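The structure appears below as C-alpha cells.
The values are calculated or read from the model by the stated rules, or taken from the named source; none is laboratory data. These figures come from a predicted structure and were not determined experimentally. Glycine gets a Cβ as well: all are built from the backbone with ideal geometry, and neighbour counts include every protein chain shown.
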Amino acid sequence: MSNQEILATVAGDVITAADLNAFIQSMPKEQQMYASSPQFRQQMLEQLINCRLFAKYAEELKLDETEEFKTILNNARKDILASMGIGEAVRNVEVTEEELKEFYEANKQRFEKGATVSAKHILVKEEAKCQEILEEVIAGKAFEEAAQQYSTCPSGQKGGDLGEFGKGQMVKEFEEAAFAAEIGHVVGPVATQFGYHLIKVEAKNEATVAAFEEVKEQIRRNLLSQKQNQAYGAKVAELKAKYM
C-alpha cells in the first residue's frame, strides 16, 4: 500500500495511508502492535474519519474562531515547540566506545551472573513413594525413565529436566539441596510445599561476569539517558538565566 493511497474523503479533505499510519503511531504502544492487522487498521480508519467529521462540524459552528480554541491552539503550539526544543538540546549527545568500556571496567560487579545449576527432578506426594523410586534408581533404573513414569510435575514428560536455574528461582529447600548436591548424584527425598523430590544435578556453573559485548547496549542506553538528562538540566539553567 502506497503512503499516498487515498483511503477516504471527508468534505474534500482526503485521508491517505500516511495519515492513517501517523494516527496509529499516536496510539499507545500496546495498540500499535496490531498495526499490521487489517481489521485493526479499518477500526482506526473509522476513528480517523470520525475525527475529521467532527472537525468539519466544529468549523461549521465557527468554534475555531472562539477564544477557547485560540487558547487551546496556543498552548498546543507551545507544547510542540517545547518538545522540539528538548530534542534539539539533546540531539548531539552521544556515548563513545571508550566511555562504554570505561564504565564496564569500573562497574563489573553490576554485571555478575550468579551461580546456576542444571538439574532434573522427580516429584511425588508421599515420602515413602519417593524412597521407593530412589531405591529403583539406585538399583539401575534410569532417572529419566523414573521421572516419566512417576513424577507428578509436568517436567516428568521431559525426563524431569528443569533446565538451568539460579538462586532465588526455586523454593528454599529444593534450592539448597540442588546447590549442595554433587554432579550426577541423586539426592532426596527433599520435602517442599509441593511434595517430595528426588534431584539429580547435571551441571554446575560458577558465578561469572557478563562479557562486555553482552551488556554493551544496556550500558549505552543508561549512559545516554544520563548524559541527555545532564544536557537537559544544563540547557534549563542556561534558558532560565536568559529568559527569567
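Would you say LEU73 is among the aliphatic types (A, V, I, L, M) and closer than 30 Å to GLU202 by Cβ? It is false that LEU73 is among the aliphatic types (A, V, I, L, M) and closer than 30 Å to GLU202 by Cβ. Given the condition on the phi < 0 side of the Ramachandran plot, touching an Asp or Glu at 6+ places or on another chain (Cβ under 6 Å) and at pLDDT 95 or above, answer yes or no: does some residue in the stretch 198-211 qualify? So far as the stretch 198-211 goes, no, none of its residues is on the phi < 0 side of the Ramachandran plot, touching an Asp or Glu at 6+ places or on another chain (Cβ under 6 Å) and at pLDDT 95 or above. Give all pairs with beta carbons closer than 9 Å in which a residue from the stretch 155-184 that is of a type in the set (A, V, I, L, M) meets a residue that is part of a loop (DSSP other than H, G, I, E, B); count only pairs at least 6 apart in sequence or on separate chains. Qualifying pairs under 9 Å: LEU162/CYS153; LEU162/MET170; VAL171/GLN193; VAL171/PHE194; ALA178/MET170. If the condition is being within 15 Å of GLU144 (Cβ to Cβ) and surrounded by fewer than 21 Cβ atoms within 10 Å (Cβ to Cβ), then the stretch 186-208 contributes VAL186, GLU202.
Of the residues making up the stretch 203-213, just one is without any contact (Cβ under 8 Å) to a residue 12 or more places away in the chain and part of a helix (DSSP H, G or I), namely GLU213. Put simply, of PHE103, PHE111 the only residue that is modelled with pLDDT of 95 or more, surrounded by 16 or more Cβ atoms within 10 Å (Cβ to Cβ) and of a type outside the set (D, E, K, R) is PHE103.
The residue list GLY168, GLY184, GLY233, GLY163 contains one member that is under 30 Å from TYR104 (Cα atoms) and assigned to a loop (DSSP other than H, G, I, E, B), which is GLY168.
Rundown of residues vs (1) in contact with a Leu (Cβ under 6 Å, 6 or more places away or on another chain); (2) within 16 Å of VAL117 (Cα to Cα), yes/no style:
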position	(1), (2)
ALA146	no, no
GLU164	no, yes
MET170	no, yes
VAL186	yes, yes
ILE199	no, yes
GLU202	no, yes
ALA211	no, no
ASN222	no, no
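When LEU48, LEU81, LEU61 are checked against the criterion of being in contact with a Phe, Trp or Tyr (Cβ under 6 Å, 6 or more places away or on another chain) and at pLDDT 90 or above, LEU48 stands alone in meeting it.
Within the option set ILE49, ILE15, ILE72, being surrounded by 11 or more Cβ atoms within 10 Å (Cβ to Cβ) and either of a type in the set (Ser, Thr, Tyr) or out of contact with any Leu (no Cβ under 9 Å at 6 or more places or on another chain) (or both) holds for one residue only, ILE72. I'd like to know if the stretch 138-154 contains one or more residues that are within 29 Å of the chain's Cα centre (by Cα) and surrounded by fewer than 17 Cβ atoms within 10 Å (Cβ to Cβ). Within the stretch 138-154, one or more residues are within 29 Å of the chain's Cα centre (by Cα) and surrounded by fewer than 17 Cβ atoms within 10 Å (Cβ to Cβ). Suppose the filter is modelled with pLDDT under 95 and among the acidic types (Asp, Glu); does GLU145 pass it? Criteria not met by GLU145.
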